[in-house]
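Step one of this worksheet: look at the structure below.
Here, each number is a calculation from the coordinates, and none is a lab measurement. The structure presented is a predicted model; accordingly, all values stated were derived computationally and were not measured. Here the Cβ is made from the backbone with ideal geometry for all residues, glycine too, and neighbour counts use every protein chain on show.
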């Protein structure tokens, strides 16, 4: 009887360790894909469908539609650094630091954020942004509004870039930032 109980506990322990290892591996590979600008790495970690939750925004993706988000993000030349992963039952919380050209303009570069990962059959099915404690969302909003208002008046051909989550929208976003910053330099001269 003791042997049966020991075997049962051993199997349960091995199963939990494998699950923990799998979630950590999936999250690590996911962020390595972003770091390496390699969508195939990201895609191999994803379930058939993926839901991203950021504040009040809930966005469903297929692995193909998530590729468009990946391309949009890559235009800003982000750097992701995985700081730690903590398992919480069937989920895991990853803490990352993130920098990009967009975040620098919004005066919130080197963001530290915690994201909760949910899994379905060993693949990432949902990523929920929990907290970005060093981010000044008020300043972020002011900078976005200042930029979009200025673009609307001075470069109406770029108006709407903020809502365009395609690669062209991201490129227009960078152009808008560059034009705005050039305006600031001209004013100082």
**Degrees, to the nearest 10: 137-154 long Cα axis against longest axis of the chain** = 40 degrees
**Asked** Considering only DSSP beta bridges with both partners in the chain, what is the antiparallel share in %, to the nearest 5?
**Response** 90 percent
**Request:** With an 8 Å cut-off on Cα pairs and a minimum separation of 6 or more residues, tell me the relative contact order of the chain in percent.
**Result:** 18 percent
**Prompt:** Between residue 152 and residue 57, what is the spin-label point distance in nm, taking each point 7 Å from the Cα along the Cα→C-beta axis?
**Reply:** 1.8 nm
**Complete:** For the stretch 136-189, averaging the sequence separation of alpha carbon pairs under 8 Å that lie six or more residues apart and dividing by its residue count, the contact order in percent is 28 percent
**Message:** Viscosity 0.692 mPa s, temperature 37 °C: what is the translational diffusion coefficient of the stretch 136-189 from Stokes-Einstein with a Kirkwood Rh over Cα pairs, rounded to a whole number of µm²/s?
**Reply:** 284 µm²/s
